[in-house]
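Every number here is computed from the coordinates shown, using simple stated rules; none is lab data. What you see is a predicted model, and the numbers here were worked out from it, not measured in a lab. Quick reminder, even Gly has a Cβ in these numbers, built from the backbone with ideal geometry, and neighbours come from all protein chains shown.
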Amino acid sequence: MNKPEIVVKPLQIADLNQDLNRDRRSLYRYFNQIEKEVREIIEKVEQEGDRALLFYAQEFDGCKLPSLRVEEKELETSWNQVEDKFKETVTLVSQSIRDFHQNQKTSSWWNNQSGSLWGEKVQPLNSVACYVPGGRFSYPSSLLMTAIPAQIAGVARIVVLTPPGETGVPAREILATAHFLGLKEVYLAGGAQAVAACTFGTESIPRVNKIVGPGNIYLTTAKKLLYGLIGIDSLAGPSEVAIVASECPEPRWLALDLLAQAEHDPLSLSILISPQEKILLEVKKYLEREWQNHPLPFSKSVPFYFYQVENLNQAAEAVNSLAPEHLELWVPNPLSFLRKIKNAGAVFLGPLSPVALGDYGYGPNHVLPTLGSATFASSLSVRDFNKTIPFLSPTAEGLSSKYEFLAYLASKEGLFFHQKSILARKQTGLASFFID
């Protein structure tokens, strides 16, 4: 039976980077190793369309599909067959997610400055694909997290892609959730082949503007290779949690929170940071006890990093260096400590805020930046389903006050007709065009 690999040691930022960059570098090498295989999958789907998808369903999922599309009647039947408790839960959770994400809506704007007009038009994407992972677990929560922000943004067409599984039918809860959300296009395709299908389009699956949602390393590698031909949300790696605890009323809760992240994948990162050795050792004891009663079903040992820091300032420095996907704060006045945090995907304040609340729809999105990308990326939001189109309309007076400088800059870049295009407007008699 595998065992947890718990590393307990004083923290040095250099050591932290070495420990975690080792894991992240190994994952990067894995991306490179499978890139050739993913390219072959992409090319086959691009050339053969549905036939390739049906082939990979048999090759990877072990099922022979009669069709790639799930009929709307089957979606409705799935909703009618799920437990009433599931229906109540989806209704409650979807409203929480919707209430949170409504605050992210953006609108077009314009300013009139000295008679000149400029601004941005906010435009929803026309079509997106929401990817819902299959495999070891079923994730109706991921469908809620990806489709609801798209609906709020006003996306006209939302497609669902999910692996078929050995039976040729995804989990009933995923199909039921699609029906609840009013989504009518659900297709059976997983991994790299799903990304290729919605990038190029096949006989059954339409081409879309963007694909969002977490998945395995094959799906992530395909996103990386096809970005530019299709929009993507992010390149998701294994799940991560960092917990800063200077006080610990319930050490068992901390152990459970660390195990909950490790439960996703043997490559997941679970990190505990504390100025008190007693907390580290207490949580270690409970973690080992929980593991003994319910070991995680992985063939390899799962690493847990326990770091002792000198004070909470060093803890904040460590968090900002790590840029974790999830951050729990068990500290006095967590809102004050939050001011020190610059890099984190989502933050959970206090002992009553486990990461699992965010995973299952307390409000914030659970599609978050991983692998340290929280230094430059944010959680999935309504903004990911919009694009902005800037516009301008200067008056003759407004143009004349700037044209010489703009024309000069064009000349310094050596672009003759850029310069001449600006200068041609120098003494225009034309009136400006304004937007009502």
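Summary of computed values
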{"quantity": "When the convex hull of its Cα atoms is projected in every direction, mean area for region 49-90 (nm²)", "calculated": "4.2 nm²"}
{"quantity": "25 °C / 0.890 mPa s Stokes-Einstein diffusion coefficient of region 206-341, Kirkwood radius on C-alpha pairs, µm²/s", "calculated": "148 µm²/s"}
{"quantity": "Length gained when the stretch Glu43-Leu229 is fully extended (0.36 nm per residue, less Cα-Cα span)", "calculated": "65.6 nm"}
{"quantity": "Degrees separating the helix 84-102 axis from the principal Cα axis of the chain, which is the longest one", "calculated": "40 degrees"}
{"quantity": "Which of Gly237, Pro303, Gln419, positive extreme of dipole for the chain (C-beta unit charges)", "calculated": "Gln419"}
{"quantity": "Sequence-distant lysines (8 or more away, or on other chains) whose Cα lies within less than 21 Å of Lys9", "calculated": "Lys278, Lys284, Lys285"}
{"quantity": "Acute angle (nearest 10 degrees) that the helix 217-226 long axis makes with the longest principal axis of the chain, alpha-carbon atoms", "calculated": "10 degrees"}
{"quantity": "Loop GluC sites (Glu not before Pro), region 133-187 (other Cβ atoms within 10 Å of the site Cβ: 12 or fewer; DSSP)", "calculated": "Glu166"}
{"quantity": "Trypsin sites (Lys or Arg not before Pro) lying in DSSP loop within region 282-379, provided at most 14 other Cβ fall within 10 Å", "calculated": "Lys300, Arg339, Lys340, Lys342"}
{"quantity": "Packing rank of 322-331, 402-411, where each peptide gets the mean count of other beta carbons within 10 Å, highest leading", "calculated": "322-331, 402-411"}
{"quantity": "FRET E, pair Glu310, Thr375, Förster distance 22 Å, beta-carbon r, rounded to 0.05", "calculated": "0.40"}
{"quantity": "Additional length obtainable on full extension of the chain from Phe31 to Glu317, 0.36 nm per residue less Cα span", "calculated": "100.0 nm"}
{"quantity": "Simple spin-label estimate for Asn293 and Leu335 in nanometres, 7 Å along Cα-Cβ", "calculated": "3.5 nm"}
{"quantity": "Loop GluC sites (Glu not before Pro), region 52-101 (other Cβ atoms within 10 Å of the site Cβ: 12 or fewer; DSSP)", "calculated": "Glu71, Glu83"}
{"quantity": "Alpha-carbon radius of gyration plus Dmax, which is the widest Cα pair, for the chain in Å", "calculated": "25.5, 84"}
{"quantity": "Listed peptides 42-52, 124-134, 100-110 by packing density, highest first (mean Cβ within 10 Å)", "calculated": "124-134, 42-52, 100-110"}
{"quantity": "Using alpha-carbon coordinates, inclination of helix 50-60 to the longest axis of the chain, degrees", "calculated": "20 degrees"}
{"quantity": "Taking the chain and dividing mean pair separation by its residue count, relative contact order in percent (alpha carbons under 8 Å, at least six apart)", "calculated": "21 percent"}
{"quantity": "Pairwise label distance in nanometres, Phe391 with Glu59, each label 7 Å out on the Cα-Cβ vector", "calculated": "4.8 nm"}
